[in-house]
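Chemist: Quick one: this structure, given as structure tokens, is what I'll be asking you about.
The values are calculated or read from the model by the stated rules, or taken from the named source; none is laboratory data. Quick caveat, the model's predicted, so the values are computed rather than measured. Here the Cβ positions follow ideal geometry from the backbone for every residue, glycine too, while neighbour counts run over all protein chains shown. The area values use the complete protein model at the heavy-atom level, side chains included, leaving out ligands, DNA and RNA. Shrake-Rupley method; radii C 1.70, N 1.55, O 1.52, S 1.80 Å.
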Amino acid sequence: MSHTSSPGLKSVITRLDSSPVRRRRVMAPTPLVYAMAAAKVGRQSSAEDDYEKTSIAASSVITTSTVHSYRQPVPQLRSPTKSHHSASRRISGGANSGSSISGGTNSTRHHRRDSGDGNKAGNNYHTINGEMTAASDNTSVSMTNTTNPTMSLSSSNSSVTIGATTATAQPKITAEDQTSPEKQCNRFGFFVDSSKTDVVPELKKQDIDLIRKREKKWIQMLDKWDKYMNNRWKTVRDRCRKGIPHSMRGQAWLYLCGGHHQIRLHPNAYRDLCAQEGNEQIVDEIRKDIHRQFPNHELFAQPLGTGQTDLLNVLKAFSILKPDIGYCQGQAPIASVLLMHMPAEQAFWSLVAICDHYLPGYFSPGLEAIQLHGDMLFAFLKRFAPNPHRLMDKQKIEPILFMTEWFMCVFARTLPWTSVLRVWDMFLCEGIKIVFKCAIVLVSVTLKSDTKKTCPSMYETLEKLRHLSVYHMSEPLMVESILRCELHDQDLQREHNIQEKKRRQKAVQKASTSPKSAMAKTNGKRK
Amino acid sequence: MLDSSRQRMAGGQDQKWQKDAADQNFDYMFKILIIGNSSVGKTSFLFRYADDSFTSAFVSTVGIDFKVKTVFRQDKRVKLQIWDTAGQERYRTITTAYYRGAMGFILMYDVTNEESFNSVQDWVTQIKTYSWDNAQVILVGNKCDMEDERVVSFERGKQLADQLGLEFFETSAKENINVKSVFERLVDIICDKMSESLDSDPTLVNAPKGTRLTDNPMPTNSGCQC
């Protein structure tokens, strides 16, 4: 593995390893993320609502104050025990570690195009870079690597170097070594397809100023991460809701899901897992999928290139670590999104965290959890979107028909990319609740009151849910709507219990009516 | 809800041969499922047929998806509702719920992948377990353009199909070989089966009201004459 063997990461691991483990973020073995959250009582106030509706709506407008009190924190992402760990991790050590790792990503990731059109990429980069330097007074921006479009910014007040990943600094990069040399990438690494309406807007000067400010905040916050998670969780949540600056995203995601703790606790685990053969059949299944994830992203476009190889390793390592889950096709998109933002080892531990704590049971054989969540979503729709719910109920549309991909891939294949990132920012902070909210929003805006006429049967309705309005999915609107949705952790817990009970009862009924279980029943009905 | 929906989707059992009155301009609606191991080319096959397009840059199917296409067969407008399913085994818990309404199955393997061929029997068992008895099945060996990598010969495919009592085609979604033929043949054999069923069970003929709203006269006896 290129990443694991990179000197940067090694030194990081050594550093992290040598530092005493102050606190292990204990993840209670709860069946579902929101289960723990229910223990805490969320507070409501109308003032908070107003904030949600206004300040987040204009996501491009900076709000200077960062501490807003929203309602429900998701304590499962914090330390359940309120143990303060004395001194936060060595600031520079911790953050530098991230930067080295990020740097590693970039050098690996962009290595391919260096030989080709490094200059062009570099030039574009410089333009933005220049703006950014001008925009911030106490921050000096410098290139760490002349051939790589890797940004490193030294913030004077924290002496942290962050290797900015692709976004903020690379508006357009020509991927010379791709199969089609004329293909251009947008700033997220996706090949530009002029026929698509999903165009990533260029960053404006004020956007960049705002990003700079946020980057500084995030740098400070990541330095004192555990402190923030223990004492100022709402600040973390608010900042996630506003959007994590793209240069910080990988590291922020890793920290949010607790992957960095895992790396520290098991410094060699990923490398060891990669070295293992794995179950031949599972590896075969993974191999069939690695070229089918985001083929329009430069990282995954090249057959058995860096991205595909990393993806194979991450998924294989996961299947070895969690033999009871093995590999599920829904995991590949998740791992791919992670790999776009962080090196393989970090992506691996983030995937583990997501599968364990954010989407538990989603990928296990039987796919029980996703079906249960389908039922839960349907119940929420009844409350939040009664008209669409009525229509779907009438047309006998099962939620599993439209929500499987949404939930399993956390909308990575559904929304425009800028919205995906924002949803993931919130999802990794607040958990599955965000996915439910997002689904509720999508259904409500898609199946309006006139839908009854345009969608006489389930096929038209499903078709509509598969071709969502780009306008409604656009970043600011989507985020605003999600934050407006009044779904709380305790709602999730309650509905979970209700639906689980229903499913259990159904199973019991089935078993009692037909002793030979469902299959026998099916056979009987066939006659 | 799950159960009632399954009931409703149990298309072949009664009036579901014909779709809701609201759906204009077709005589019949057939629900067809494409099944088979992961990565045999189910989605590509469907896209080639429905959109006449092919790209090697497909993403793996997570869950279940469908496309609708209307075809003309023997003076009948047949609306095909083609369901594309995730091939991985664990998705069967979700996808098998949708077998019951299906009138036709395209059971696909990849001629360059022995394992996908070996799974055919297993898929047939799945169909037998979860689908309607009269569902028609066509065995399809996809990716026949990749001669160099072929590991399953045409003869083996044909032999297995004969053994299982299925029709057989070798296809290439990439080169557009036999894709249309498979669907046409499937529609034909579903029509045949349907007229048989209707002949043997006259209640089906009288069952639905307003089953078709086209200008064509209502078929007086059995459904499709193809």
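Chemist: Here are the criteria: (1) without any contact (Cβ under 8 Å) to a residue 60 or more places away in the chain; (2) facing chain B (nearest Cβ under 10 Å); (3) in contact with a Leu (Cβ under 9 Å, 6 or more places away or on another chain); (4) within 18 Å of A:LEU492 (Cβ to Cβ). Tell me which single one A:GLU398 does not satisfy.
Modeler: It is condition (4) that A:GLU398 fails.
Chemist: Scan segment A:361-372 and tell me whether some residue there is away from chain B (no Cβ under 13 Å) and not aromatic (Phe, Trp, Tyr).
Modeler: There is no residue in segment A:361-372 that is away from chain B (no Cβ under 13 Å) and not aromatic (Phe, Trp, Tyr).
Chemist: Now a separate question. Which of the residues belonging to segment B:147-178 are open to solvent by 30 Å² or more (accessible area, probe 1.4 Å) and in contact with a strand residue (DSSP E or B) (Cβ under 8 Å, 6 or more places away or on another chain)?
Modeler: Within segment B:147-178, B:PHE154, B:LYS158, B:ASP162, B:LEU164, B:GLU167, B:PHE169, B:ILE177, B:ASN178 meet the criteria.
Chemist: So which residues in segment B:44-66 are of a type outside the set (A, V, I, L, M, F, W, C), away from chain A (no Cβ under 13 Å) and assigned to a helix (DSSP H, G or I)?
Modeler: Answer for segment B:44-66, where residues must be of a type outside the set (A, V, I, L, M, F, W, C), away from chain A (no Cβ under 13 Å) and assigned to a helix (DSSP H, G or I): B:ARG48, B:TYR49, B:ASP51.
Chemist: Here's a follow-up. Among B:LYS76, B:LYS69, B:LYS143, which is the only one that is touching a strand residue (DSSP E or B) at 6+ places or on another chain (Cβ under 8 Å), away from chain A (no Cβ under 14 Å) and basic (Lys, Arg)?
Modeler: On inspection, the qualifying residue turns out to be B:LYS76.
Chemist: Let me ask something else. Residue by residue through segment B:23-43, note down the ones that are open to solvent by less than 20 Å² (accessible area, probe 1.4 Å) and not in a loop (DSSP other than H, G, I, E, B).
Modeler: Listed by number, the residues that qualify are B:TYR28, B:MET29, B:PHE30, B:LYS31, B:ILE32, B:LEU33, B:ILE34, B:ILE35, B:GLY36, B:LYS42.
Chemist: Here is a further query. With respect to the numbered conditions (1) open to solvent by 20 Å² or more (accessible area, probe 1.4 Å); (2) under 30 Å from A:ASN296 (Cα atoms), which one is the sole condition not fulfilled by B:ILE82?
Modeler: The single condition B:ILE82 does not satisfy is (1).
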